[in-house]
Structure formats: structure tokens, C-alpha cells
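One structure below.
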């Protein structure tokens with residue numbers, strides 16, 4: 001009886017760990033972020049929230065990944081964008097990066113004097 005309970009518990013923990021880790025497989029060149037986020041929703045069941053204005057301001061991305069963890073995939077996709085993400089349970093929020101939100105402008109170039 002104890003052995004059965006231990007085996008059942010081990011199987012349940014394994015299944016639970018497998019569903020918690022969400023991986024993305026995606027390939028595309030110069031793809032709009034909207035299409036990438038739609039694919040995330042299809043593959044993971046997560047919902048992605050982003051304003052239409054931020055989508056308009058974003059640049060297309062080129063990615064080719066297989067079985068990449070969701071967090072790493074989002075970091076890769078948003079790497080060269082003025083955007084960041086936050087995930088709460090099954091919801092992903094996309095917003096402007098904190099530094100960009102605070103000033104509205106990129107930081108000035110460094111000044112050099114002779």
C-alpha cells in the first residue's frame with residue numbers, strides 16, 4: 001500500500017512538472033510581433049496583452065527556436081524592442097520598458113571633451 005502511494009505521488013509530481021514548463025517552437029523571418037504573440041497563445045494557452053499602439057511601434061523580428069522555454073523566448077523576441085514583459089499565471093503583459101516610459105526618449109549619447 002505504501003509503495004503504491006509513493007509511486008502514485010511520483011507520477012503525479014512528474015505530470016505536474018511537465019505541464020508547468022512551457023516551451024515554444026517557432027521559426028519566422030521579419031515577422032510582426034502580433035503574429036508571434038498569436039503563436040504563443042496557440043502553443044501555451046497563455047493570453048498576451050499588448051496595446052495596439054505598442055504593436056504599431058514595434059519592429060518585426062526574426063527567430064528560429066525549438067523547444068525554448070517561454071520566458072527565454074519572450075526575452076529573445078523583445079531583446080531589441082523598447083518593450084518588456086511580465087507574466088502572472090496564464091497571462092503575459094507587454095509594456096514599454098521602464099527607462100523608456102519614464103523619459104519618453106532614449107538616453108543622450110555620451111559627451112567627450114578634448
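Every read-out reported here was derived from the displayed coordinates using simple, explicitly stated rules and does not represent laboratory data. All values derive from a computational prediction rather than experimental measurement. FYI the Cβ positions are ideal-geometry reconstructions off the backbone, even for glycines, and counts take in every protein chain you see.
So which of 42, 79 is out of contact with any helix residue (DSSP H, G or I) (no Cβ under 9 Å at 6 or more places or on another chain), surrounded by fewer than 17 Cβ atoms within 10 Å (Cβ to Cβ) and not in a loop (DSSP other than H, G, I, E, B)?
Working: 79 fails: not in a loop (DSSP other than H, G, I, E, B).
So the residue among 42, 79 that is out of contact with any helix residue (DSSP H, G or I) (no Cβ under 9 Å at 6 or more places or on another chain), surrounded by fewer than 17 Cβ atoms within 10 Å (Cβ to Cβ) and not in a loop (DSSP other than H, G, I, E, B) is 42.
Tally up the residues in the range 55-76 that are part of a helix (DSSP H, G or I) and more than 15 Å from the chain's Cα centre (by Cα), please.
Selection size over the range 55-76: 2.
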